[in-house]
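The next block holds one structure in the form of structure tokens; read it before the comments.
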Amino acid sequence: MTKAAVCTIGDEILIGQIVDTNSSAIASALEAAGVRVTRMVSISDKRDDIIGSLRKLLSENDIVITTGGLGPTKDDITKDALAELSGSTRYIENAEQKEIVCEILHSRGLDILDNNLAQAMVPETARVILNRLGTAPIMVFRIGESVLYSLPGVPHEALGALPEVIEDIKAGFPLSHILHRTVMTFGMAESALSKLLEPWEDALPEDMHLAYLPSMLTGVRLRLSLYGSGAEGESERLENELTKLKGLLGDMMYSEQDDTLENALGKLLLRLGKTVSAAESCTGGEIAHLFTSVSGSSAYFLGSVTSYAVSVKEKVLGVPSEVIEKHGVVSAEVAEAMAIGVRKLLGSDFSVATTGLSGPSGDGINPVGTVWIAVDGPLGPRSRRFNYHNDRKRNIERFSSAALNFLRLYIISAL
């Protein structure tokens, strides 16, 4: 299988001055083309670092793609380092890139300086792919058995040249058939999920791999990959293993594509023709925000009541004052009364409610990070206590995600 590494060059990335968006886009394009990406690295602008790092990457991969370090200023030394790495002893002018340089500078009303024209000079060992969006050409070097593509660091230039680079790779390398399937899960931590799936995962064929991609807000995304040759039946083999995986996951699985809880829940409600409402205390409207972030959610989300004050819980949602006095605001009884109240108030088929302590201060009874989530619907009210250990903002986000998933499971059980 053809292997590739992606390398960004520049101190500005290493010190966090800019965010590297090039690498992920390049890696995605390579995977889609049938090239397996083995490494993504960032290195400094120092000549020895560039040469040493690239030499190692080239020894381990068939393809290396770099971005950055090709500007007109003195600190951009990538081209000189690549000349040394490839054994070049002189530079030659690329007339077509020089013409593009002049056109770009004229269009911007800028003078054409020597350092601008120098960008059209390339090592004699380089093959050029024209950069039509900027002044530095894409340089292609054959170094040993491997090929190195040097792209500019400016994102719109690098990504603008990427299709032509991919076509060049397709013409020069044998490509594999890479298949991916994604499953979204919620409700079990990555470590526990790994334990559950361990026997099945250990029995996977050698050309299949399962990746765990955890998120506190969307759960654990599982990606099952098959790195094959394109032979007949590979897709069927992958689907067979995916079926086994789904059987092990059960209701923890909420989507078979890269998705969010709010989007998957919306699809479920639309399919059933049902509606939902929310009563929020500690989440402060975050659940409503998640629902309404999905286009078309007005078809199933009727609205919400942000009942932050006790008086709103009592007067708007109809939570009995004696329930609050007896059990406290952060309790199953209050959460269930809120869910019942908002469902009745707005006339929805289902409802979800939250009451808890997002922090940093508590109530002297429950620990900070405690939330009671309740749902109501045709099966009657149900509630559950959750506890998280994050800062206020993250607790609110996690409370809201847990509430959406609790609602999803309730709706499934009501089918």
Considering the stretch 125-179 alone, what residues qualify as being among the small types (G, A, S), more than 25 Å from the chain's Cα centre (by Cα) and part of a helix (DSSP H, G or I)? A171, G172
Of everything in the stretch 180-196 that's in a helix (DSSP H, G or I) and of a type in the set (A, V, I, L, M, F, W, C), which residue is farthest from F406 (Cα to Cα)? L196
What do you reckon, is L162 under 24 Å from I104 (Cβ atoms) and either modelled with pLDDT of 95 or more or in the same structural domain as K244 (by TED's automatic domain parsing) (or both)? yes
Selection count where residues are under 37 Å from the mean Cα position of the chain (by Cα) and either closer than 16 Å to I287 by Cβ or part of a helix (DSSP H, G or I) (or both), scope the stretch 342-352: 7
Just to check your reading of the model, which residue among G71, G34, G10 is buried (at least 17 other Cβ atoms within 10 Å of the Cβ), under 27 Å from L175 (Cβ atoms) and assigned by TED's automatic domain parsing to the domain that holds T135? G34
Check whether at least one residue in the stretch 371-390 is assigned to a helix (DSSP H, G or I), within 21 Å of G285 (Cα to Cα) and of a type in the set (K, R), and report yes or no. no
Here the qualifying pairs (Cβ atoms under 6 Å; residues six or more apart or on different chains; first in the stretch 244-270 and more than 17 Å from G187 (Cα to Cα); second of a type in the set (D, E, K, R) and modelled with pLDDT under 95) come out as none
Cβ-Cβ under 8 Å, sequence separation 6+ or interchain: first residue in the stretch 166-187 and under 30 Å from N387 (Cβ atoms), partner acidic (D, E) and part of a loop (DSSP other than H, G, I, E, B). Which pairs? T182/E256; T182/D258; V183/E256; M184/E256; M184/D258; M184/D259
Quick one: is E322 over 20 Å from S358 (Cα atoms) and either part of a helix (DSSP H, G or I) or touching a Pro at 6+ places or on another chain (Cβ under 8 Å) (or both)? yes
I'd like the residue in the stretch 263-318 that is surrounded by fewer than 17 Cβ atoms within 10 Å (Cβ to Cβ) and of a type in the set (S, T, N, Q) and, out of all such residues, is farthest from D349 (Cα to Cα). S311
Any residue that is free of Cβ contacts under 8 Å to residues at least 40 places away in the same chain, among the acidic types (D, E) and either in contact with a strand residue (DSSP E or B) (Cβ under 6 Å, 6 or more places away or on another chain) or in a helix (DSSP H, G or I) (or both) - is there at least one of those in the stretch 52-66? no
Only residues in the stretch 376-405 that are outside the structural domain of S277 (by TED's automatic domain parsing) count as the first member; pair them with residues that are not hydrophobic (A, V, I, L, M, F, W, C), Cβ under 9 angstrom, at least 6 apart or cross-chain, and list the lot. none
Taking the residues in the stretch 85-115 that are touching a residue at least 12 places away in the same chain (Cβ under 8 Å), farther than 11 Å from G134 by Cα and within 37 Å of the chain's Cα centre (by Cα) as candidates, determine which candidate is surrounded by the fewest Cβ atoms within 10 Å (Cβ to Cβ). S86
Pairs with Cβ under 6 Å, 6+ apart, first in the stretch 1-17 and basic (K, R), second assigned to a strand (DSSP E or B): K3/R36; K3/T38
Keeping to the stretch 197-220, report how many residues are surrounded by 14 or more Cβ atoms within 10 Å (Cβ to Cβ) and in a helix (DSSP H, G or I). 3
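A quick yes/no check of all residues on (1) assigned by TED's automatic domain parsing to the domain that holds G303; (2) of a type in the set (S, T, Y); (3) under 21 Å from N390 (Cβ atoms); (4) out of contact with any His (no Cβ under 7 Å at 6 or more places or on another chain):
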{"position": "I324", "(1), (2), (3), (4)": "yes, no, no, yes"}
{"position": "G328", "(1), (2), (3), (4)": "yes, no, no, yes"}
{"position": "A332", "(1), (2), (3), (4)": "yes, no, no, yes"}
{"position": "A335", "(1), (2), (3), (4)": "yes, no, yes, yes"}
{"position": "R343", "(1), (2), (3), (4)": "yes, no, no, yes"}
{"position": "D349", "(1), (2), (3), (4)": "yes, no, no, yes"}
{"position": "T355", "(1), (2), (3), (4)": "yes, yes, yes, yes"}
{"position": "S358", "(1), (2), (3), (4)": "yes, yes, yes, yes"}
{"position": "G362", "(1), (2), (3), (4)": "yes, no, yes, yes"}
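The values are calculated or read from the model by the stated rules, or taken from the named source; none is laboratory data. Just so you know, these numbers come straight off a predicted model, no measurement behind them. Quick reminder, even Gly has a Cβ in these numbers, built from the backbone with ideal geometry, and neighbours come from all protein chains shown.
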